[in-house]
1. Please list, short to long, the whole-number percent of alpha-carbon pairs of the stretch 96-202 in consecutive 10 angstrom bins beginning at zero.
2. I need the calculated FRET efficiency for the pair Asn112 and Thr206, taking r as the beta carbon distance and R₀ as 25 Å, to the nearest 0.05.
3. At 0.36 nm per residue, and after removing the present C-alpha to C-alpha distance, how many nm does the segment from Thr269 to Phe95 gain when stretched out fully?
4. Is the C-alpha gyration tensor of the stretch 185-243 telling us rounded, prolate or oblate? Criteria: a/c under 1.5 is rounded; beyond that, a/b larger than b/c is prolate, otherwise oblate.
5. Counting just the Cα atoms, what span does the stretch 146-254 cover along each of its three principal axes? Round to the nearest Å and put the largest first.
6. Compute the distance in nm between two label points, each set 7 Å from the Cα along the Cα-to-Cβ direction, one at Ala262 and one at Glu161.
7. Could you list the square roots of 5 times each eigenvalue of the Cα gyration tensor of the stretch 149-190, that is, the equivalent ellipsoid semi-axes, sorted largest first and rounded to whole Å?
Amino acid sequence: MDPMKLHFGRVLLVVTAGTAACLISPDEPTATGTTGTSSGSSGAGSTESESTGTHPGGVPGTSTTGESASSESSTSATTESTGSDGQPNGFFYCFADEECASGHCFDLGLLNGICSECSADAHCAEREGFGCSPPNIAAQPGPAPAVCNDGSLGAGCETSEACAQGLTCELILTVPLIYTFSNCSECAGHGDCLDSQLCSPTIEVTELSGYLSCVGPGSVEIGGTCDAAGDGDQVCASGACAPATIDGLANIGLCSECDADADCPDGWTCADAYVNTFDVESVPAACVRG
C-alpha cells in the first residue's frame, strides 16, 4: 500500500496505510503506557477543569481551571538540562540515555527519542512523588520533552500509584508505532460513576492526551470528545458521536451533527469528522448537501 505522510508539529512521519488505532471503551481493562521498545507513562493534557493533585494518601485535589501543572512544566523543560554534559532536555533526536544531560532519552518508537526530565514514573517518584508525563509529540515546532508531574487529573502514569488520591491510571489513546498514552483519570468504567453518569473520555488533541471522567447523558456539546467505540452517542447533546482521525493516524470520537448519512435530511450526506494538529483544527462530522 502507499504510505501516508503524517505531521506532528514539524515532524514528518511516514507509515503504511491501513494502520489502525482507537480509543478503548471505558469498560475495557486498564492498560499502562508502552512504546514499541520501552514502558512509559502518559501525556497530561490541558483541560477546562483539572484536579490539583495531592500525594496518594493525602487530601484529594480541588478543581481548577486552566492548563495542568505537567503541561506548564513541559514548556520550561524544553530548554532546561539537569547536567553540564550531554544534550539538554528537549534535544530531538536522541538514541541512548548517555546522550542526554538528564540521563533520560524518552523512546518514541519511529520518532526515535527526545532528551527529557524522565522516561518512567520511577525517575520522578523520589523527587516529586508522582509520575512521568511523556513528550507532547503534537507540539509545534517540534515535540516537547517528558516531565515529572503532580499526579493530577490528566497527568501521565504507568500505574495508579503515580496518581493523586481518588484517581486511577487508565489507557487513553494509542498512536501506533510511537506511544500508548495512559493518564490519571476519574473513572475506569461506568460503574465508577454516580446516578446515571457515564465514564467518558476528554481528549486534548493538541497534546494527544486526556483523561476519563464522569459526565451526564447528553451533556457534551458538538465538538467535544466522546467514546466512538462505546456509549459515546449517549453523552453527546446531538446524540451522535462520530469517529475522527488525528492526522490520519489515531482515532477518537467527536460529538457531531451526524455519524451516518441516515442522520441527515434526504439529499444530504454526513461528512467525516477529523482532527489536524498541524493546523490545530478539530472538525466534527456534519451534514452536507449532496
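Read the figures in this text as sums done on the coordinates, not as results from a lab. As the structure is a prediction and not an experimental result, all values here were calculated from the model. Cβ placement follows ideal geometry from the backbone for every residue including glycine, while neighbour counts extend to all protein chains displayed.
1. Percent of Cα pairs in each bin: 16, 42, 30, 10, 2, 0.
2. Details: r = 22 Å, r/R0 = 0.88.
With R0 = 25 Å, the Cβ-Cβ based efficiency is 0.70.
3. On the way: separation 174, 0.36 × 174 = 62.64 nm, distance 4.75 nm.
Gain on stretching Thr269 to Phe95: 57.9 nm.
4. Details: a/c = 1.87, a/b = 1.11, b/c = 1.68.
Oblate, because a/c is 1.5 or more while a/b does not exceed b/c.
5. Cα extents, longest axis first: 38, 36, 17 Å.
6. Going by the 7 Å Cα→Cβ label model, 4.9 nm.
7. Numbers: eigenvalues 66, 28, 9 Å².
Ellipsoid semi-axes (Å, largest first): 18, 12, 7.
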